[in-house]
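Each reported figure results from applying straightforward, stated rules to the coordinates on display, with no laboratory input. What you see is a predicted model; the values in this text were computed from it and never measured. Cβ placement follows ideal geometry from the backbone for every residue including glycine, while neighbour counts extend to all protein chains displayed.
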């Protein structure tokens, strides 16, 4: 859902830039959607890669709103403002293509469908249907009169902030899976650093959720969350991580010679990930937090969209 909404925000950016340039929004959004679909539907990944690189080299990567273009026109002249609007369109096209592709690839992996830009649309119908369907729905939503585009943009950013800690936790689990990464799996030091990053992200996610529910949240409350969260993270580390004997140094020494030749085994040959009881407890806590936080944020968004306060 979040990916789908993110694609909508990319088309919002395209429509804002087109409005500044004086181009018809419906026509421009439809052309942009078709361009994104056609670019990926050639059956050759290299062609799509060249298309993306051309956009990056040609204009760069910017992703702000129409107000910046208007401000540039006022203070720096028309040419910088037009270049910025073109760059905004460029960045949004790249973003929409990237998020749509990652979503289609993820769905293909999960349900075991043919999914590759090296396959032509006739050879991977479900993959390209998901890809093109996301783009078509996003473009149609942006062109639908009365859609609260500003609220959608803010909602996507808020939900992304709330859900980010969960993604980093699963990445940490993946980085510790020696069946997948072998000698490249995380060491104890890397796990300590990553754990600290995740702790900071969780605290910021809590603050973000609280600020959405209560826009008048005080600076003292934010500081209290940061201090309390830091102390809690330290206690958790000392209780569950700092007292364990470490064999990482020995594993690291024996694994280094294998790094240059390591290849991940095929997915069918990988063993199931064995989670410890502690892993399961923390994943349950994380899921419970995500359900509560995302639910409260969605409720708040729904209230604002229906005219509540």
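Observations, loosely collected:
- Peptide packing for 10-22, 112-124 was compared via the average number of neighbouring C-beta atoms within 10 Å per residue; ordered from the highest value, the list is 10-22, 112-124.
- Gyration tensor verdict on region 134-213 (Cα atoms; rounded if a/c is under 1.5, prolate if a/b is larger than b/c, oblate otherwise): oblate
- Annotation for residue 137 and residue 35: the two label points, set 7 Å from Cα along the Cα-Cβ direction, are 2.4 nm apart.
- Peptides 146-156, 282-292, 85-95 ordered by average Cβ neighbours within 10 Å, highest first: 85-95, 146-156, 282-292
- Overall form of region 157-305 per C-alpha gyration tensor (a/c, 1.5; a/b vs b/c): prolate
- Each peptide in 187-199, 259-271 receives the mean, over its residues, of other Cβ atoms within 10 Å, and ordering these scores from highest gives 187-199, 259-271.
- Shape class of region 83-223 from the alpha-carbon gyration tensor: oblate, with a/c at 1.5 or above and b/c at least as large as a/b.
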